[in-house]
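Asks: Before I ask anything, let me first share the structure, which is written out below as structure tokens.
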Amino acid sequence: MAPRKAKRRAAEGSSNVFSMFDQTQIQEFKEAFTVIDQNRDGIIDKDDLRETFAAMGRLNVKNEELDAMIKEASGPINFTVFLTMFGEKLKGADPEDVIMGAFKVLDPDGKGSIKKSFLEELLTTQCDRFTHEEIKNMWAAFPPDVAGNVDYKSICYIITHGEDKEGE
């Protein structure tokens with residue numbers, strides 16, 4: 001009975017996860033899940049991962065590596081949890097504390113804000129450069145205050161939690 005309870009509990013995760021993907025993507029994830037679920041019990045566990053790696057020719061996977069993979073889930077990894085994990089990875093947002101940490105590097109005084117001109121320069125000249133249109137959209141979504149400061153705490157919150165309910 002314990003495995004059924006675990007399966008039911010894991011399925012109670014995010015009921016909205018299926019709306020994140022189209023039917024073709026869900027089918028592809030289902031096929032991948034089926035390949036990884038080597039013993040076909042509906043739950044991906046450490047043994048399933050070990051056997052999947054072995055089938056791919058990687059025979060000496062450390063227990064610590066497998067444990068770390070399993071611990072990424074909030075509970076037993078059934079299909080819904082598997083899909084949720086991919087949804088979280090694919091939506092591209094790091095946890096709020098990670099994003100906040102990145103902004104704090106740009107705010108050595110710890111004010112909670114950075115200058116618009118400084119942020120704009122970084123975003124248009126470094127790594128994946130923002131276009132003029134992307135900068136314009138960003139300032140429309142996150143307008144700086146009258147002194148030209150950008151509240152990055154607000155940006156972090158909206159990136160990780162979405163718009164507040166009042167705006168919907």
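Asks: May I ask you to list the residues in the range 11-32 that are at pLDDT 85 or above and aliphatic (A, V, I, L, M)?
Replies: Matches in the range 11-32: Ile26, Ala32.
Asks: Consider Asp41 carefully, then state whether it is at pLDDT 95 or above and under 23 Å from the mean Cα position of the chain (by Cα).
Replies: no
Asks: A further question on this structure: Has the range 92-103 got at least one residue that is at positive phi and surrounded by 11 or more Cβ atoms within 10 Å (Cβ to Cβ)?
Replies: Within the range 92-103, not a single residue is at positive phi and surrounded by 11 or more Cβ atoms within 10 Å (Cβ to Cβ).
Asks: In the range 108-119, what count of residues is obtained for those that are within 25 Å of the chain's Cα centre (by Cα) and either in a helix (DSSP H, G or I) or aromatic (Phe, Trp, Tyr) (or both)?
Replies: Count: 1.
Asks: If you scan the range 50-68, which residues turn out to be assigned to a helix (DSSP H, G or I) and open to solvent by less than 60 Å² (accessible area, probe 1.4 Å)?
Replies: Thr52, Phe53, Ala54, Leu66, Asp67, Ala68
Asks: Output the number of the condition that Arg129 fails; it satisfies all remaining conditions of (1) of a type outside the set (Gly, Ala, Ser); (2) modelled with pLDDT of 90 or more; (3) outside any helix (DSSP H, G or I).
Replies: If we test Arg129 against (1) of a type outside the set (Gly, Ala, Ser); (2) modelled with pLDDT of 90 or more; (3) outside any helix (DSSP H, G or I), just (2) comes out false.
Asks: Only one residue in Phe103, Phe82 is under 24 Å from the mean Cα position of the chain (by Cα), assigned to a helix (DSSP H, G or I), touching a residue at least 40 places away in the same chain (Cβ under 8 Å) and closer than 25 Å to Asp151 by Cα. Which one?
Replies: Every option except Phe103 fails the conditions.
The values are calculated or read from the model by the stated rules, or taken from the named source; none is laboratory data. Predicted model, so just to flag it, every value in this text is computed and none were measured. Every residue, glycine as well, gets a Cβ built from its backbone with ideal geometry; the counts of neighbours run over all protein chains shown. These area figures cover heavy atoms from the full protein model, side chains too; ligands, DNA and RNA do not enter into them. Shrake-Rupley method; radii C 1.70, N 1.55, O 1.52, S 1.80 Å.
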